[in-house]
Amino acid sequence: MQDVISRTPLQVTNVACPSGLLPSGSTLFCDFDGPIADVSNRYYNTYQLALTATQADYAAQGLSLPIRRLTKGQFWYMKQNRLPDTTIADWSGLSGSQIEDFLAHVERLVNCSSLLDQDLLQPGVRSALATLQDRQIRVVIVTLRQASQVLDFLHQYDLATAICQIYGPDSAKIAYSNRTQHKICQLKAAIADQSLLGVDMTHSWMIGDTEADVCAGQAIGLPTLALTCGIRSSIYLKGFAPTGVQRDLYNAVRYLTNPV
């Protein structure tokens, strides 16, 4: 691991990045949650625990809430199509101040260590990172997850040496909100540092599973690949006009490294 960094955004100029293959020595900027880590179990269990906690709050006041628990499929469909948590709470039987209580529990629970341990490695990631290493393509993670959390996960799966650098925020609360501006700031910092290191970014790409990743890449001038294995659906992602859409990191790497 060369560097694990949480940085303030740096001012950089747009990078001209024509579409095409990733040659040896180039850099791939990649989101973490979604492309590398499958967070669906953690998010769904956070939802369930927050519902239970909200129900308990009102039970302590002698009130009964008509909770309707969504299945994981229903919950994940709503997340993939960017329906807000307030809508998810409403569909689960909550209203008014009950929703505010529920959202507070979600924010409190989502980054608990016991729930973070439920994140899994996405299928095909190990093979994809091995291919990039073999071709001497640098992988720089640009994430809204804390860098220390990312590094712990990579060590758990013995993949830390496959990553050159990690750019993440200081706060653990930013990742769940997934603000596009936060991702743009992190990507700008990463691009600026690569320039200072003398890295040629002519063929660099940005890969991610949300609108924040696509918009951040576009704001910098990078071609983008949107992945549908994470928290956004293919139809939703296509609305942001990424350069391409792929199922997962494995297929994205095949697309970028195989001759056209």
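Before moving on, here are some points about what is shown:
- Only helices enter this figure: runs of n ≥ 4 DSSP H residues, each worth -39500 (n - 2.57), summed and divided by the residues of the chain, yield -13000 deg cm²/dmol at 222 nm to the nearest 500.
- Point-charge dipole on Cβ atoms (K/R +1, D/E -1) for region 80-147, about Cα centre, debye to 20: 520 debye
- Cα lying deepest toward the dipole's positive end in the chain, options Thr27, Trp205, Leu120, charges on Cβ: Trp205
- Shape class of the chain from the alpha-carbon gyration tensor: prolate, with a/c at 1.5 or above and a/b greater than b/c.
- A full extension of the chain between Thr52 and Leu83 corresponds to an added length of 9.1 nm, given 0.36 nm per residue minus the alpha carbon distance.
- For the chain, the dipole from Cβ point charges (+1 on Lys and Arg, -1 on Asp and Glu) about the Cα centre works out to 480 debye, to the nearest 20.
- Overall, region 23-118 carries a charge dipole of about 280 debye about its Cα centre when +1 sits on the Cβ of Lys and Arg and -1 on the Cβ of Asp and Glu, all other atoms neutral.
- Positive dipole terminus of the chain, leading residue within Asn258, Val214, Gln48 (C-beta point charges): Asn258
- Three-way shape label, region 40-116, alpha-carbon gyration tensor, a/c 1.5: oblate
- Among Leu129, Leu65, Leu197, the order by Cβ neighbours within 10 angstrom, fewest to most, reads Leu197, Leu65, Leu129.
- Cα-based shape type of region 145-260, given that a ≥ b ≥ c are square roots of the gyration tensor eigenvalues and the cut on a/c is 1.5: rounded
- Label point 7 Å beyond Cα of Leu196 along Cβ direction - residues of region 126-146 with amide nitrogen under 11 Å: none
- Using C-alpha pairs below 8 Å separated by at least 6 residues, the relative contact order for the chain is 34 percent.
- Listing Trp76, Trp205 from fewest to most neighbouring C-beta atoms within 10 Å gives Trp76, Trp205.
- For region 123-245, with +1 on Lys and Arg beta carbons and -1 on Asp and Glu, the positive-most of Val140, Cys229, Tyr167 along the dipole: Cys229
- Across the cross-link table entries Lys79/Lys188; Lys79/Lys238; Lys72/Lys183, which are compared at the Cα atoms, the separations over 21 Å belong to Lys79/Lys188; Lys72/Lys183.
Values in this text are rule-based calculations from the coordinates and carry no lab data. These numbers were taken from a predicted model, which means no experiment stands behind them. Here the Cβ is made from the backbone with ideal geometry for all residues, glycine too, and neighbour counts use every protein chain on show.
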